[in-house]
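Asker: Attaching a single structure in structure tokens format; questions to follow.
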There are 2 protein chains.
Amino acid sequence: MPKNDDFDLQVFLPYLLNQAAEESSLAFTQLYKNKYGMLRTEWRVVFHLGAFGKMTATDIVVRAKIHKTKISRAVTKLVEKRFVVRERSQDDRRQEFLTLTPAGEAAYRDLRDVAKRYDADISRKFTDGEVRLLRMMLKRLAGID
Amino acid sequence: MPKNDDFDLQVFLPYLLNQAAEESSLAFTQLYKNKYGMLRTEWRVVFHLGAFGKMTATDIVVRAKIHKTKISRAVTKLVEKRFVVRERSQDDRRQEFLTLTPAGEAAYRDLRDVAKRYDADISRKFTDGEVRLLRMMLKRLAGID
DNA sequence: CCTTGTTAGTTACAAAAAGAACTATTACCA
DNA sequence: TGGTAATAGTTCTTTTTGTAACTAACAAGG
């Protein structure tokens, strides 16, 4: 591999972000994978419902920036698995509110604890100040303010 | 959205990483998408060949941590589009060296400049020290050391 | 040499995603 | 009102992907 110009791909930020996200996501996936038989999009939906309570599919689309067809299919699966219930809005009958069933709540709490431990593992690799800064920067990059 | 327990999804690191990566990746994708008609994996291959020069598919697999089937398919496409040429090794006739054609070189330089500008845009949102720290942390999280 | 094992890269098949088009409902406004 | 546009969510079709199995070339020990 002879050449090497001044541009180092490995310090290109979007590249680094992707690699880091992929790595942590992969590692985390192993922890919950076969526990409730949920796919990534499914437990992301569960997370949102657990953390924020009753909300519509579109609310989740906006917050999580996941495509609506993915949400739609994930919700269908979650309803089949009895983790989520739909409730048609009376005001606007196009939308439906989603809530976790007791089984969904239990799964959420369980996954949340796994997430907390995982998060703590990452945090342990750095100082508190560094982690705080990382969160701040990622939030800004993600457009969460 | 009534509820909100002590676990804030928005500070969960893998979540933040994903969101930030998705955001920057989406924004960047728009810039090169229709320019050369390359998919993400394809220009990642171009980037590697441009930055490091002649190398084999396996070299790219190792460096970029992209699955070899993806590389294989990307290379096929890039050869069809005349951005890359294959050259079978004389020493070991299983492997083939990949290099950019002049057209590939031109595309690389162009995309590299876009990437630089994009990277600079991100960097401008923070101090130099912060960006340095971010890169360091992301590298460690990504397992690049 | 022959057998077994390893490596480079491709291909086949199944799972997942992205996009576009669709249904149903509501909103706007001339 | 009536007609057009917008929104919530689903479904259909086409691309991408991920996994596993495959071909071809080399390597090493008996």
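Asker: What's the number of the only condition in (1) closer than 26 Å to B:Ile144 by Cα; (2) within 13 Å of DNA strand D (Cβ to nearest atom) that B:Arg93 fails to meet?
Answerer: Tallying (1) closer than 26 Å to B:Ile144 by Cα; (2) within 13 Å of DNA strand D (Cβ to nearest atom), B:Arg93 fails exactly one: (1).
Asker: Ok, one more. Find the residue count for segment B:127-145, including only residues that are in contact with a Leu (Cβ under 7 Å, 6 or more places away or on another chain) and of a type outside the set (A, V, I, L, M).
Answerer: Total meeting the criteria: 3.
Asker: Let me ask something additional. Would a scan of segment A:106-122 turn up a residue that is in contact (Cβ under 8 Å) with a residue 40 or more places away in the chain and acidic (Asp, Glu)?
Answerer: yes
Asker: Mind counting the residues in segment B:41-63 that are without any contact (Cβ under 8 Å) to a residue 12 or more places away in the chain, within 11 Å of DNA strand C (Cβ to nearest atom) and facing another protein chain (nearest Cβ under 9 Å)?
Answerer: Residues that pass the stated criteria total 1.
Asker: Okay, next question. B:Met136: within 14 Å of chain A (Cβ to nearest Cβ), open to solvent by 60 Å² or more (accessible area, probe 1.4 Å), away from DNA strand D (no atom under 14 Å from the Cβ) and out of contact with any helix residue (DSSP H, G or I) (no Cβ under 6 Å at 6 or more places or on another chain), yes or no?
Answerer: yes
Asker: Moving on to the next point. So which of A:Ile66, A:Ile71 ends up being within 30 Å of B:Arg44 (Cα to Cα), assigned to a loop (DSSP other than H, G, I, E, B) and within 16 Å of DNA strand C (Cβ to nearest atom)?
Answerer: A:Ile66
Asker: Can you confirm whether A:Lys35 is assigned to a loop (DSSP other than H, G, I, E, B), away from DNA strand C (no atom under 14 Å from the Cβ) and not aliphatic (A, V, I, L, M)?
Answerer: yes
Asker: Still on this model: Filter segment B:26-42 for residues that are modelled with pLDDT of 70 or more and in contact with a helix residue (DSSP H, G or I) (Cβ under 6 Å, 6 or more places away or on another chain) and give the result.
Answerer: Within segment B:26-42, B:Phe28, B:Tyr36, B:Thr41, B:Glu42 meet the criteria.
Residues checked against (1) assigned to a helix (DSSP H, G or I); (2) within 14 Å of chain A (Cβ to nearest Cβ); (3) loosely packed, with under 12 Cβ neighbours inside 10 Å:
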site: B:Gln90; (1), (2), (3): no, no, yes
site: B:Leu98; (1), (2), (3): no, yes, no
site: B:Tyr108; (1), (2), (3): yes, yes, no
site: B:Val114; (1), (2), (3): yes, yes, no
site: B:Arg117; (1), (2), (3): yes, yes, yes
site: B:Glu130; (1), (2), (3): yes, yes, no
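Asker: Sticking with this one: Please go through segment B:46-75 and give me each residue that is within 11 Å of DNA strand D (Cβ to nearest atom) and either closer than 21 Å to A:Ala20 by Cβ or surrounded by fewer than 16 Cβ atoms within 10 Å (Cβ to Cβ) (or both), ordered by number.
Answerer: Hits for segment B:46-75 are B:Lys65, B:Ile66, B:His67, B:Lys68, B:Thr69, B:Lys70, B:Ile71, B:Ser72, B:Arg73.
The values are calculated or read from the model by the stated rules, or taken from the named source; none is laboratory data. This is a predicted model, so every value here is computed, not measured. Here the Cβ is made from the backbone with ideal geometry for all residues, glycine too, and neighbour counts use every protein chain on show. Note: areas computed on protein heavy atoms with side chains; ligands, DNA, RNA excluded. Shrake-Rupley method; radii C 1.70, N 1.55, O 1.52, S 1.80 Å.
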